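One structure below.
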């Protein structure tokens, strides 16, 4: 039974879903944006950033499996599931400000925030699919909403100036609840909302038996190795540059927001170019560009001017995410129709598990090597992805246009 109280033309549903996704995913990097404040306030370890980011990723993986195992978005109204998840995620995000926290309690709260984000990002995608048989370039807008939401806490932090760090948490929690409310009040269950099979854990290996699915999935895994690690450590790049060049002042939060947020433009550009060049070719180009950025980063972070560094990071910010909706398309196109939902869930879970490894690796290496050399290891993801995509079947390539 739908809870929506405003009747709008269905053309408005996708913009509402995109806005709701943007507002709700602001929780994702809320902890990252204030990690220096948490270190100072609660006496956390200096390497807390990587652990805080990984806790959200691990929560998201666990939540994705939970929501899929219990078929929540199919057994119940997806809009209601989205709304309840938004309220729960916003609530656990808010608790950080209410009590004196320990390192363990903060990690648990970030884990629970990530857990309920699994009822926001994937469920928002499902709601859109329930209304539109062919999402097409709309998938780029949906992923772009995630990018903007992920970047938003850095903008909030930079805009608050001398205001307490708690305001970042207050703002993101309120925006998340607002996003959930907007969606549940306006967007009804779609005409293509149909129950799906429960997640089949036995299908974990079976889905990879299809050659072209496996290649697309491995390309996605290489992409994910780089993506969240880069996003997590963007503030570290600017902080290192400021300290290395002894700059009096550098707005790390605002520059971090711009670097991450411009990725939403990359999603849109990637979607448009894929219509001309094909999904596979466009994904490869984005992967090549971001891989070269990893390899060039040691020189540019140290020797480049501030303007050149910003331009370089903007190019990196566009290319690092532009292939995300494209890989999602390739994975979906090459999955077995009978277990497509299971296949997508498995690929997403593995992909986000990989982000934990790369984030923790960078977290460890920053104590050993200079920050300027830190991102060389991320190039391995692009190389692996490109090798995996090198010998796809020709008939599959023709489908991905």
Run the quick spin-label model on residue 353 and residue 40: label points 7 Å from Cα toward the beta carbon, then report their separation in nm to one decimal. 3.9 nm
What FRET efficiency would be calculated for the residue pair residue 365, residue 214, taking the C-beta separation as r and a Förster radius of 35 Å, to the nearest 0.05? 0.75
Over all alpha-carbon pairs of the chain, lay out the pair-distance distribution in 10 Å bins, whole %, shortest bin first. 5, 24, 34, 26, 10, 1, 0
In nanometres, what is the gap between the two model label sites at residue 185 and residue 288, each 7 Å from Cα along Cα-to-Cβ? 4.9 nm
Gain in span if fully extended, residue 295 to residue 97, counting 0.36 nm per residue against the direct Cα distance: 67.3 nm
Over all distinct alpha-carbon pairs, what is the Kirkwood Rh of region 9-195 in angstrom? 16.6 Å
Contour minus end-to-end for residue 162 and residue 239, with contour as 0.36 nm per residue of separation and end-to-end as the Cα-Cα distance? 25.9 nm
To make sure I understand, if each residue's beta carbon is the centre and we count other beta carbons within 10 Å, what order do 210, 110, 249, 75 fall in, fewest to most? 249, 75, 210, 110
GNM of the chain, Cα pairs under 10 angstrom: of 326, 287, 344, the biggest fluctuation goes to 344
Between region 318-386 and region 4-63, what's the alpha-carbon centroid distance in Å? 18 Å
Could you work out the helix-only [θ] at 222 nm for the chain, with each DSSP H run of four or more residues adding -39,500 (n - 2.57) and the total divided by the number of residues, to the nearest 500 deg cm²/dmol? -24000 deg cm²/dmol
Theoretical gain in end-to-end length, residue 249 to residue 387 [0.36 nm per residue, Cα-Cα removed]: 45.5 nm
Please compute the volume of the convex hull spanned by the alpha-carbon atoms of region 197-401 and report it per residue in Å³. 118 Å³
What is the spin-label model distance, in nm, from residue 380 to residue 307 if the labels are put 7 Å beyond Cα along the C-beta direction? 3.8 nm
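Read-outs: derived from the displayed coordinates by stated rules, not from any lab. Owing to the predicted nature of the structure, the values given are computational and were not obtained by experimental measurement. Don't worry about glycine lacking a Cβ; one is built from the backbone with ideal geometry, like all the others, and counts go over all protein chains shown.
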